[in-house]
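One structure is given below, encoded as structure tokens.
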Amino acid sequence: MKKSQIKAMSVTELEALAQRIRERILDVVSRNGGHLSSTLGATDLIVAMHYVFDADKDPFLFDVSHQSYAHKLLTGRWDAFETLRQFGGLSGYTKPDESPADYYVAGHSSTSISLAVGAAKAIRLRGEEGKRIPVAMIGDGAMSAGMVYEALNELGDRKYPAIIILNDNEMSIAKPIGAISRILSQAMASPFYQKFKERTEKMLEHFPESARYMAKRIEEGMRMITPGILFEEMGLEYIGPVDGHDMAQLVETFQTARSMGKPVIVHAQTTKGKGYKIAEGYYEHWHGVGPFDKESGKSLKKSSRPSATKIFSDKLTQLAEVDEKIVGVTAAMPSGTGMKQLMERFPERFWDVGIAEQHAVASMGPLAKEGFKPFVAIYSTFLQRGYDQVIHDIALMNLPVAFAIDRAGIVGEDGETHQGAFDISFLRTVPNMTLFAPRDDATLELAVEFAAKYDRPCAFRYPRGVMRLQSGRYPATPFTEGKAEWLVEEGEILLIGYGNGVGRAEEVRLLLEKEGIRAALLDLRFVKPIDRTLLTKAAARFSRWFVFSDGVRSGGVATAIMEALPPEALQKICLVSFEYEDAFIPHGQTQKVEEALELDAKSLKERVVKSL
């Protein structure tokens, strides 16, 4: 749809357009999967944004950006939306490679206001104030991150013109108090009020100090029954709360905010899942969904095996039943990490701290110091945000905090911002840190047991969905610190797997066997400390080594192996790593992504044969 068409629409036509967009989103997401409730709730806001502002000039910044589907549909991607989250298709997040209307890549939370401040600085330096203005949309959940307040603090001090749309879909910032609040909020959002306020402030400059003081106290008294006092105290103009589904009010409010030439917070209250009755309201499972039946809302995906997350959650619950010292935390991912089950069973010992990964990690340190056994359940991609705390607040003190790293490896449709590729490399450099990984469901349970008893910092990783190697293929033996395990000892070549990479190596081993190539199989188990003794002995028996791990090659498992071997052993072997190349991994169905990267079993087998 052309920009000129949107700007020529009446309010009624804008409302009809929003409804069409919701229908398109629901149709595609029900078939492809994706983020649903948040993007349906933000549709009216985004339509009004495009009516008032200009995405070709004004930087549109969507926090996390999983709610930006309507923006994609309004910027030339209506037909291409059919390919949402598919390999080679549209990303589920904003992506400048797709469209110049996507100002910035976003997949992690709470970055939008910092980006808006940076864009506002650039606009001022380019002499374009009054012609361009950054517009950031941020959800109320993202407001729990400290980075937001760092940005707001500078914005309120510097007074760069910027519009911050607070999409409050759970009313977690502050609930308005009754009818008086609604009347006052609507009044404060009107152009008349804003002009009156500006004129009054100028007029009061000529009045005695006592008059200015009284006027200020009267306004503050009015604002005490609206949620805006926090932002006003930070030096930001505040308008709201406004109805995030009232198109006329949104358009008028955005026009007012733009005309003010200041940093303005527009607080809009919306309903998650708006327009799809089954998903309306706060239902966590409708945030991100797989394919589902539109009529019933039931998932179309079925799995006979429990996910690695479920295995972890059940085992930790079992251990927590008998050990009251076991505690845990998650950062706004209670269902995704399996912590919801523990929070419901032990509400005093397991916590969701919201989108605050740094705080989540740091807060577990004192618990460990006081004799408790904390588990930090976190996605690999989000642990990146707490890296300094891992070093400074946990490892430096050598505290026994266990990091249960979920979504390690390729995560599929969420793509570049969410792939769990880096945790092995960035944790391997940290002193006092122990790294290990299970190969199947049974050894995942053993990994949780090992972590629960371990007296120093440790981290173990497991994939999204099910483990590649099925339990029972090889006997499950308890973890012994720094010890690898032979699964198949005889062969012409050596395959070394770490974590879910063991399953990948096993698939390749079976394919090689069909071609008459016998391969030994070693489960590395620990990448730090690594089993130097076993690896040195293996170098005397095998000259061809192939390493399988769901992590990046740079600083990864193969690097750790080569660093561990003495020079004389290194001279005897030729080592090939099948870890990820030095590039961000695209989105798409995991199988198709692996095939594109030549990391599927068939491609890997052919690569082994070719190297031989």
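The values are calculated or read from the model by the stated rules, or taken from the named source; none is laboratory data. Since the structure is predicted, the reported quantities are computational estimates derived from the model, not experimental observations. Methodologically, a virtual Cβ is constructed for each residue, glycine included, from the backbone with ideal geometry; neighbour enumeration extends over all protein chains shown.
Here are the numbers for this structure:
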{"read-out": "Residue check, residue 528 among the basic types (Lys, Arg), buried (at least 18 other Cβ atoms within 10 Å of the Cβ) and on the phi < 0 side of the Ramachandran plot", "value": "yes"}
{"read-out": "Residue among 551, 556 that is in contact with a Ser or Thr (Cβ under 7 Å, 6 or more places away or on another chain), crowded, with 23+ Cβ neighbours inside 10 Å and either farther than 21 Å from residue 591 by Cβ or of a type in the set (A, V, I, L, M) (or both)", "value": "556"}
{"read-out": "The lone exception for residue 476 - which of (1) over 22 Å from residue 609 (Cβ atoms); (2) under 34 Å from the mean Cα position of the chain (by Cα); (3) surrounded by 21 or more Cβ atoms within 10 Å (Cβ to Cβ) it fails", "value": "(3)"}
{"read-out": "Candidates 81, 62, 53 - the one that is closer than 20 Å to residue 414 by Cβ, touching a helix residue (DSSP H, G or I) at 6+ places or on another chain (Cβ under 8 Å) and either touching a residue at least 60 places away in the same chain (Cβ under 8 Å) or among the polar types (S, T, N, Q) (or both)", "value": "62"}
{"read-out": "Counted residues, region 419-465 - those being among the charged types (D, E, K, R), more than 25 Å from the chain's Cα centre (by Cα) and over 19 Å from residue 485 (Cα atoms)", "value": "3"}
{"read-out": "Matching option when the condition is of a type in the set (A, V, I, L, M, F, W, C), at pLDDT 95 or above, out of contact with any strand residue (DSSP E or B) (no Cβ under 8 Å at 6 or more places or on another chain) and surrounded by 15 or more Cβ atoms within 10 Å (Cβ to Cβ), among 264, 322, 251, 329", "value": "251"}
{"read-out": "Filtered residues of region 78-108 (kept if under 30 Å from residue 259 (Cβ atoms) and among the charged types (D, E, K, R))", "value": "102"}
{"read-out": "Those helices (runs of 4 or more DSSP H) lying entirely in region 38-150 with at least 3 residues modelled with pLDDT of 95 or more and hydrophobic (A, V, I, L, M, F, W, C)", "value": "43-52, 112-125"}
{"read-out": "Unmet criterion (only one of (1) within 19 Å of residue 32 (Cβ to Cβ); (2) under 20 Å from the mean Cα position of the chain (by Cα)) for residue 78", "value": "(2)"}
{"read-out": "Qualifying residue in region 113-130 (condition: over 14 Å from residue 62 (Cα atoms), of a type outside the set (D, E, K, R) and crowded, with 22+ Cβ neighbours inside 10 Å)", "value": "yes"}
{"read-out": "Residue within region 18-26 that is assigned by TED's automatic domain parsing to the domain that holds residue 246, under 25 Å from the mean Cα position of the chain (by Cα), under 30 Å from residue 129 (Cα atoms) and crowded, with 23+ Cβ neighbours inside 10 Å present", "value": "no"}
{"read-out": "Filtered residue count, region 331-358, keeping only those that are closer than 13 Å to residue 144 by Cβ and not in a loop (DSSP other than H, G, I, E, B)", "value": "4"}
{"read-out": "Residue match in region 513-525 (condition: farther than 23 Å from residue 480 by Cβ, part of a helix (DSSP H, G or I) and at pLDDT 95 or above)", "value": "yes"}
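Listed here are the residues, each with its yes/no results for (1) hydrophobic (A, V, I, L, M, F, W, C); (2) without any contact (Cβ under 8 Å) to a residue 40 or more places away in the chain; (3) closer than 17 Å to residue 168 by Cα.
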| site | (1), (2), (3) |
| --- | --- |
| 248 | yes, no, no |
| 281 | no, yes, yes |
| 287 | no, no, yes |
| 304 | no, yes, no |
| 315 | no, no, no |
| 326 | yes, no, no |
| 342 | yes, yes, no |
